[in-house]
Amino acid sequence: MSEKDLKDKDLSDSVDEEKRDFLFITTAGLAVAGGAVTAFSLIDTMNPAKDVLALSTTEVDLAPIEEGQSLTVMWRGKPIFIRHRTSEEIRTANDASVNELKHMASDESRVKNPKWLVVVGVCTHLGCVPLGQKVGDNKGEFGGWFCPCHGSHYDTSGRIRKGPAPLNLEVPPYDFVSDEIIKIG
Amino acid sequence: MKAKETENKTGISHWIDERLPVFTFINHNLRDYPTPKNLNYFWNFGSLAGVTLVIMIVTGILLAMQYTANTEMAFDSVERIMRDVNNGWLLRYIHMNGASMFFIIVYIHMFRGLYYGSYKYPREILWMLGVVILLLMMATAFMGYVLPWGQMSFWGATVITNLFSAFPVIGDYIVTFLWGGFSVDNPTLTRFFVLHYLLPFAIVGVVALHLVALHQFGSNNPTGIDVKSDGDTIPFHPYYTVKDYLGLGVYLIVFAFLVFFAPNFLGHPDNYIPANPLQTPAHIVPEWYFLPFYAILRAVPDKLLGVLLMFAAVMVLFFLPWLDKHKIRSANFRPFYKQFYWLFFINCIVLGWVGAMPAEGIYVLISRVATLYYFGFFLIIMPFLSKFEKTTDLPSSISAAVISEKFDNKEPSSSESYVK
């Protein structure tokens, strides 16, 4: 065998196209799959870590909150408004005609025990914390909360009644562990 | 090829290419790029180093999102990465072992250059840029090792920064300046973190220059003979893309084995003890990739001389193109250089080994002999051989070398399927 033999040989005859396609597809396929798995694992490191997730439930003792009083607690880095509603507040919440609301929801659907309203204290417009938790705060035209950023008014059920916010204050997942203790999250 | 060019005259890629010639650039440097046809697997290590740099930067950015550069919190934040962050253990082990893999790759890359004379005319600047990359890598690796704030981090940082105190008069001022205080402490940690994040991007810049210098004359090759005709080269794609791709696969298997089965094999257990400024670990050693230089430092009984010699061990590489002025590049055709080269290679391993041993008894003697040979190789043997070494017969061209290797020296075997 010499250099001349090599040149004389027509190489195109010996190319097995099917085999090449098979090799190309399997190689590229494996590389894409491996790359995707690696990329997913690495990007997943940016999702909430276990210590962050461990903070996602909060227990609250409701006993010290007198009727008419409010309490703000932290849950997942956000304020949770808990209000011990007076019978007057419960009545006005029920009096509102559901069909005329911007974001239709009855008061019943937003509470587990009518005396206790639990909502996420973050305005659904652009994320400010509305006023109304402290004595002397502006509670807005409907006696609930008022967001000073862009003027959204919430009623005593935390429903949006006036202003730019599109939705009612969110009700977080919570359960009554006992009559006077709730677990949020 | 012609058909392809006309085909590209229309369409969006042509529109872009005319204004910003990215596709021409890629075609020129990664596709048609004429490459010597006889490159062996030692020419894979450049691309592997590039891939490793990317892996280190990607994992490093993600780690920096979780790490806290504060002496009170650094150690715990690293433990949080290991325990709480999703796949955080993977992220950290890739980054940790990636540093070791990076040095293995780059050291092989350098020994390749040393064997085949890749630093000689006209590639002197290419080589020197490589040495700059090595220096930047060393600084980056050292500062990265400090960040977990374990015992080895702290005392490594203390010992290495104290090297500068060897300089007369200004030494102490330099060290205080480096520390930003009177000991290795929070200011030191924060600046090391910032620099550890910054320097890799400087490395990327120098790598770009390294590639520009490489593509000016193209790769060297195992014969060390210049490319003389088109017959000596083949296009980079698909021949070397596929070869690099295979090499990458093998490399990633080794890398993955280290990450998944022996992630702490190359580390030191003492670094899982939080830093304690009141107690030095009994046996303090740097990471393995610094051991040869550490051995040179300890071989000398004088503080200043030891430090200078250690720096000189890297700096001497800058002068390689002028120390070895022999006209023939490849050691394959230099019978004497070849032997001294392998002795030098073994000598470097010996230096690494004594660097890990306690500095006493026989080890001191070995480290001195090895240090002597390290510098003797560069400063005496190389210039001497440049003058007097007679070479064996060179092939007339790369093609001639390939043909003679394939058909004259060996029986052609049936496994060479391309001539079936």
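Read-outs: derived from the displayed coordinates by stated rules, not from any lab. Note that the coordinates shown come from a computational prediction; the quantities given were computed from them, not determined experimentally. When we count neighbours, we look across all protein chains shown, and the Cβ atoms used for this are built from the backbone with ideal geometry, even at glycine.
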**Label-zone membership for the stretch B:282-321, site residue B:172, 7 angstrom Cα→C-beta point, backbone N under 18 Å** = B:303-304
**Request:** Could you tell me how many degrees, from 0 to 90 and to the nearest 10, lie between the Cα long axis of helix B:303-315 and the main elongation axis, the longest principal axis, of the Cα atoms of chain B?
**Result:** 20
**Asked** Taking neighbour counts of Cβ atoms within 10 Å as a proxy for exposure, in what order, fewest first, do A:123, A:147, A:128 appear?
**Response** A:128, A:123, A:147
**Asked** Relative to the longest principal Cα axis of chain B, at what angle does helix B:88-116 sit, 0 to 90 degrees, rounded to 10?
**Response** 50
**Message:** Output the 0 to 90 degree angle, nearest 10, between the alpha-carbon long axis of helix B:362-376 and the longest principal axis computed from the alpha carbons of chain B.
**Reply:** 40
**Fill in**
Rounded to 0.05, the calculated FRET efficiency for the beta carbons of residue B:20 and residue B:237 at R₀ = 25 Å is 0.70
**Fill in**
In terms of the alpha carbon gyration tensor, root eigenvalues a ≥ b ≥ c, rounded if a/c is under 1.5 and otherwise prolate when a/b exceeds b/c or oblate, the stretch B:273-358 is prolate
**Request:** Using a/c under 1.5 as the rounded threshold, could you call the stretch A:66-185 rounded, prolate or oblate? The axes a ≥ b ≥ c are square roots of the C-alpha gyration tensor eigenvalues, and prolate needs a/b larger than b/c, oblate otherwise.
**Result:** rounded
**Request:** Calculate the dipole size of chain B relative to its Cα centre from +1 charges on Lys and Arg beta carbons and -1 charges on Asp and Glu beta carbons; express the result in debye to the nearest 20.
**Result:** 840
**Request:** Work out the FRET efficiency for residue B:73 and residue A:57 from their Cβ-Cβ distance, taking R0 = 25 Å, and round it to the nearest 0.05.
**Result:** 0.50
**Prompt:** Hey, what did chain A get for relative contact order, percent, Cα under 8 Å, at least 6 apart?
**Reply:** 18
**Share of pairwise Cα separations in the stretch B:31-280, more than 21 Å, in percent** = 64
**Asked** Is the shape of chain B best called rounded, prolate or oblate, per the rule: a/c under 1.5 gives rounded, else a/b larger than b/c gives prolate, else oblate, with a ≥ b ≥ c the square roots of the Cα gyration tensor eigenvalues?
**Response** oblate
**Asked** What is the packing order of peptides B:373-381, B:247-255, taking the mean over residues of other C-beta atoms within 10 Å and listing the highest first?
**Response** B:373-381, B:247-255
**Item:** Selection from B:220, B:354, B:56, by position along the positive dipole direction of chain B (Cβ)
**Value:** B:220
**Asked** Along the charge dipole of the protein assembly as shown, Cβ charges K/R +1 and D/E -1, which of B:40, B:265, B:372 sits furthest on the positive end?
**Response** B:372
**Request:** With a Förster radius of 56 Å, plug the Cβ-Cβ distance of residue B:229 and residue A:76 into 1/(1 + (r/R0)^6) and report the FRET value to the nearest 0.05.
**Result:** 0.20
**Complete:** Quick note on B:369, B:85, ordering by fewest other C-beta atoms within 10 Å, gives B:369, B:85
**Request:** For the protein assembly as shown, give the magnitude of the charge dipole about the Cα centre (Cβ charges: +1 Lys/Arg, -1 Asp/Glu; no others), in debye to the nearest 20.
**Result:** 1460
**Request:** Could you pull out the pairs from B:327/B:390; A:78/A:134; A:19/B:243; A:50/A:78; A:112/A:162; B:228/B:387 whose alpha carbons sit more than 20 Å apart here?
**Result:** A:112/A:162; B:228/B:387
**Asked** Once you charge only the Cβ atoms, +1 for Lys and Arg and -1 for Asp and Glu, what is the size of the charge dipole of the stretch B:285-392 about its Cα centre, to the nearest 20 debye?
**Response** 520
**Item:** Order of B:389, B:360, A:108 - criterion: other Cβ atoms within 10 Å of each residue's Cβ, fewest first
**Value:** B:360, A:108, B:389
**Request:** Towards the positive end of the charge dipole of chain B, with charges on Cβ (+1 Lys, Arg; -1 Asp, Glu), say which of B:315, B:67, B:24 has the farthest Cα.
**Result:** B:24
**Message:** Show me, for the stretch A:34-47, the HN-Hα J-couplings you get by feeding each phi into the Karplus relation (A = 6.51, B = -1.76, C = 1.60, θ = phi - 60°), rounded to Hz, glycine and proline as x.
**Reply:** x, x, 5, 4, 5, 4, 4, 4, 6, 5, 4, 5, 7, 5
**Prompt:** In the protein assembly as shown, which cysteines lack any other cysteine Cβ under 4.7 Å from their own?
**Reply:** B:348
